[in-house]
Amino acid sequence: MLKEAVALGRFQPLHDDHLAYLLNVKSRCNFMWVGLADFPLAVPDSFMTPIADRSASRANSKTFFERMQDVTSALLKAGVSHGEFRVTPFACDSAQGHEPLYDRVITSKL
């Protein structure tokens, strides 16, 4: 069992598969960081919202705080205690125009 692990996603909106993913990550660690991501337009990913639509308001119906409440509520309802996770913002592109952090984080093993 890992001491800590990270689960990243937009969770926009949160659904059962997101919760299953979060619980899977939590089952592998004592403490889970949940990074709520807002992906920049420059990050290609064929499994997610098309790049051109990612920043559109229709693809982002909830604010960070609404998503934080959704994730927190779902994890607590699923039996994860408040002391076992923290929800935090996660910027997927690094500062000053360097390469996106997304590829380095997502492809790293837990």
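Could you check Gln96 against (1) surrounded by 11 or more Cβ atoms within 10 Å (Cβ to Cβ); (2) more than 25 Å from Met1 (Cβ to Cβ); (3) modelled with pLDDT under 90 and say which number it fails?
Of the numbered conditions (1) surrounded by 11 or more Cβ atoms within 10 Å (Cβ to Cβ); (2) more than 25 Å from Met1 (Cβ to Cβ); (3) modelled with pLDDT under 90, the odd one out for Gln96 is (1).
So, in the range 17-70, exactly how many residues are farther than 19 Å from Ala5 by Cβ, of a type outside the set (Ser, Thr, Tyr) and modelled with pLDDT under 95? Break it down into steps so the answer makes sense when it comes.
Step one: list which residues in the range 17-70 are farther than 19 Å from Ala5 by Cβ, which gives 38-67, 69-70.
From what's left, of a type outside the set (Ser, Thr, Tyr): 38-45, 47-48, 50-54, 56, 58-60, 62, 64-67, 69-70.
Pick out the ones that are also modelled with pLDDT under 95 and you get 38-45, 47-48, 50-54, 56, 58-60, 62, 64-67.
Matching residues across the range 17-70 total 24.
The values are calculated or read from the model by the stated rules, or taken from the named source; none is laboratory data. What you see is a predicted model, and the numbers here were worked out from it, not measured in a lab. Virtual Cβ from ideal backbone geometry, glycine too; neighbours counted across all protein chains shown.
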